[in-house]
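The values are calculated or read from the model by the stated rules, or taken from the named source; none is laboratory data. Computed from a prediction, not measured in an experiment: that's the story for all the values here. Counting neighbours? That spans all protein chains shown, and the Cβs are built from the backbone with ideal geometry, glycine included. Calculation scope for accessible area: heavy atoms of the full protein, side chains included, ligands and nucleic acids excluded. Shrake-Rupley method; radii C 1.70, N 1.55, O 1.52, S 1.80 Å.
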Amino acid sequence: MISEELFERACKVIPGGVNSPVRAFRRLERAPFFVARAEGAHLWDEDGKQYIDYVGTWGPAILGHAPKPVLDAVMAAVPKGLGYGIPTRVEVDMAETVCRWVPSIEKVRMTNSGTEATMSAVRLARGYTGRKYIIKFEGCYHGHVDSLLVSAGSGALTHGEPDSAGVPAEFAALTIALPYNDEQAVRDAFNKYPGQIAGIIVEPYPGNAGFYLPKPGYLEFLRDITAKEGALLIFDEVMTGFRISPSGVQGKTGIVPDLTTLGKVIGGGLPVGAFGGRREIMDCVSPLGPVYQAGTLSGNPVAMAAGLAQLNELERTDAYSRMERLGAHLEEGLRRILHDLHLPLTFKRSGSMWCLFFTTQDVYDLKSAMTGSFDMFRPYFLSMLEQGVYVAPSPFETGFISAAHTEADIDATLAAMQVALGKI
Ligand code: HOZ
């Protein structure tokens, strides 16, 4: 097996053989497969096996892999130079597009990753308010920023290290981690630290401990209490931005955050993140204001061209209604299978984001997400993989449907689910 040989080589020179822990199939006790190429909704591994892909680069591949408009834009940008570290027209086009799509964003700064975006947004919230504490929610993952690696989700949770070594207790002490969907916990925190909380950072639809949703009124509550307490509300829409709707969860719910972080879809597959928000807050960012933030590769012209082409294509086509149709098809078929197999498992979906939890309890926070059985997830995942369907290799990740998936892909996935769930 070529993948296994590559993994053996990789393990000698890369920690765990991977460049991000969520790609390691470690907890599944098998080697990851190595990808040779990808197109549309499909991946091919180094051994020639084909998969229907529901990881979608962990979110960016909303048009599927290697979409022609994005490739064309990259091919057109490359001969002009790979980066200059000087402003370019495409950065302005991108910023105008983001501000037009996401009305809460009046000014936006590009970064190279979602992690940089959240790190910068938290610094900005502290700089703008002059306060030091940040509230985050257990199971939410905001990248590998020191002060946000507290009760974190995604790979940190999968590998049992939600509080990372190397983050001094003094740093973590400024982060207040609370259960998601618990209004009283937030009220108590504001009462305990009056006038000291700079902001709340939240994945409005959490997608890093599986995928679950806010209770009715919860996001409105976060908006109201932050406004009342003089703290900022930061929506981390790295996963949900340009995906749940053209303007993310905020577009779908009508909640207007003070700051928003973006990533994944905005880069069209290349490394791009962004943070933006109200003009008066963004004007505190260097060089206008005292909050320093920078990056040699930020706004890279090739990455901007790729991201902008992806956004333009989303705008030009019926991608969102198509992904909703495909998502509804998957949900309907899966619920039928679960019913027929007498498996009352919990399923959550919004548009193209979904998660099957291996628990019979409702899931609305980290604690309930953790009632899922890994002993049921493992045989399900391995059977799906064997049958050529790649879902995330962790029960704490989100499934992504792309506009390149077809009804036939969904039917084939449902057939595989029928077999895989029959085995658990
Ligand atoms: N936020 C991503 C998973 N939910 C991280 C992906 C990666 O690190 O590769």
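Remarks
- Accessible-area value, residue 284, 1.4 Å probe, nucleic acids and ligands omitted, Å²: 30
- For segment 323-393, the Kirkwood hydrodynamic radius from C-alpha pairs, put into Stokes-Einstein at 10 °C and a viscosity of 1.306 mPa s, yields a diffusion coefficient of 122 µm² per second.
- Value of relative contact order over segment 127-211, rounded to a whole percent, pairs C-alpha under 8 Å and six or more apart: 43
- Neighbour net charge for residue 151 - beta-carbon separation under 9 angstrom, K R +1, D E -1: -1
- Whole-percent carbon and sulfur share, accessible surface of the chain, 1.4 Å: 55
- Histogrammed with a bin width of 20 Å, the alpha carbon distances of the chain distribute as 27, 59, 14, 0 percent, first bin at zero.
- Among the trypsin sites (Lys or Arg not before Pro) found in segment 335-424, those both in a DSSP coil and sparsely packed, with 11 or fewer other Cβ atoms within 10 Å of their Cβ, are 423.
- Rg [Å, one decimal], Dmax [Å, integer] - segment 124-174, C-alpha atoms: 11.4, 35
- Reach of residue 252 by Cα under 28 Å, taken over lysines that are not fewer than 8 positions away in the same chain: 107, 136, 215, 228, 264, 348, 367
- Across the alpha-carbon atoms of segment 1-131, the computed radius of gyration and Dmax are 19.4, 56 angstrom.
- Of the two radii for segment 354-424, the radius of gyration is 0.98 times the Kirkwood radius, both from the alpha carbons; that is the Rg over Rh value.
- Electrostatic tally near residue 167: other residues with Cβ closer than 11 Å to its Cβ, Lys and Arg +1, Asp and Glu -1, net -4.
- Using all pairs of distinct alpha-carbon atoms, the Kirkwood hydrodynamic radius of segment 282-424 works out to 17.8 angstrom.
- Using just its DSSP H runs of length 4 or more, each adding -39500 (n - 2.57), the chain gives a mean residue ellipticity at 222 nm of -11500 deg cm²/dmol after division by all residues.
- At the listed q of 0.08, 0.11, 0.12, 0.21 Å⁻¹, the Debye profile of segment 215-367, built from one uniform point per Cα, gives log10 I(q)/I(0) equal to -0.33, -0.60, -0.70, -1.36.
- Rg over Rh [alpha-carbon atoms, Kirkwood Rh] for segment 56-137: 1.04
- A simple packing score, the average count of other Cβ atoms within 10 Å per residue, orders the peptides 338-345, 120-127 as 120-127, 338-345, with the highest score first.
- Amide H contacts under 5 Å for residue 111, placed H, 5+ residues apart: 273, 274, 275, 299
- Chymotrypsin sites (Phe, Trp or Tyr not before Pro) lying in DSSP loop within segment 1-110, provided at most 13 other Cβ fall within 10 Å: 84
- Annotation note: GluC sites (Glu not before Pro) in segment 79-118 located in DSSP loop regions with a Cβ neighbour count of at most 16 within 10 Å are 106.
- Surrounding net charge for residue 12, when Lys and Arg each add one and Asp and Glu each subtract one, Cβ distance under 15 Å: -2
- Averaging 1/r over each pair of different alpha-carbon atoms in segment 87-198 and inverting the result gives 15.7 Å, the Kirkwood hydrodynamic radius.
- Descending principal axes extents, segment 223-269, alpha-carbon based, whole Å: 38, 17, 10
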